[in-house]
Every structure is written in structure tokens, then in C-alpha cells.
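The values are calculated or read from the model by the stated rules, or taken from the named source; none is laboratory data. Note that the coordinates shown come from a computational prediction; the quantities given were computed from them, not determined experimentally. In this analysis, Cβ positions are derived from the backbone assuming ideal geometry, glycine residues included, and neighbour counts consider all displayed protein chains. Ligands, DNA and RNA are stripped out before the accessible areas are found, and what is left, the full protein with its side chains, is counted by its heavy atoms. Shrake-Rupley method; radii C 1.70, N 1.55, O 1.52, S 1.80 Å.
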Amino acid sequence: MVNAVDNVKARLYVDSKCVWYEKPLLESGTLGTKANSQMIVPHNTVCYGDSQDPPEDSIAMCTLRNFPN
């Protein structure tokens, strides 16, 4: 399965269903100027819900300059 959703809650839901039904998942997404891709194979790799980015202290200046709205 390939994930193309736009929020963390939906990603966690799809991840949990792929683990439950033992289906591989290609997870990818962007947030501002950051990008992520992850291949998830249930019971062989870390799942999307098992890892989280540390909270950011502030918004990067390049994000404000390139994405002002």
C-alpha cells in the first residue's frame, strides 16, 4: 500500500491497519521544507506509529519565507 494522506492521525490509522492485516506500506510526506519516506513491513521493520519527530522550538526562517500563508 502507498500512503498519500495529509495528517498524522490518518497516517497512524493506515499504519495500524497495515500492521493488523500484515500488508507492507510505503509512507511518505512533507511538512514545510522537511520530507519523510519510510518503507514499513509489519513484524520486520519499525512502524510509522513507533517513531516521532522531536517537537520543534520554533518555525524555521526558510519555512516562513517560502510558505508565508
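Within region 2-15, being surrounded by 10 or more Cβ atoms within 10 Å (Cβ to Cβ) and more than 13 Å from Cys47 (Cβ to Cβ) holds for Ala4, Val5, Val8, Ala10.
Applying the set (1) open to solvent by 100 Å² or more (accessible area, probe 1.4 Å); (2) modelled with pLDDT under 90; (3) in a helix (DSSP H, G or I) to Cys62 leaves exactly one unmet item: (1).
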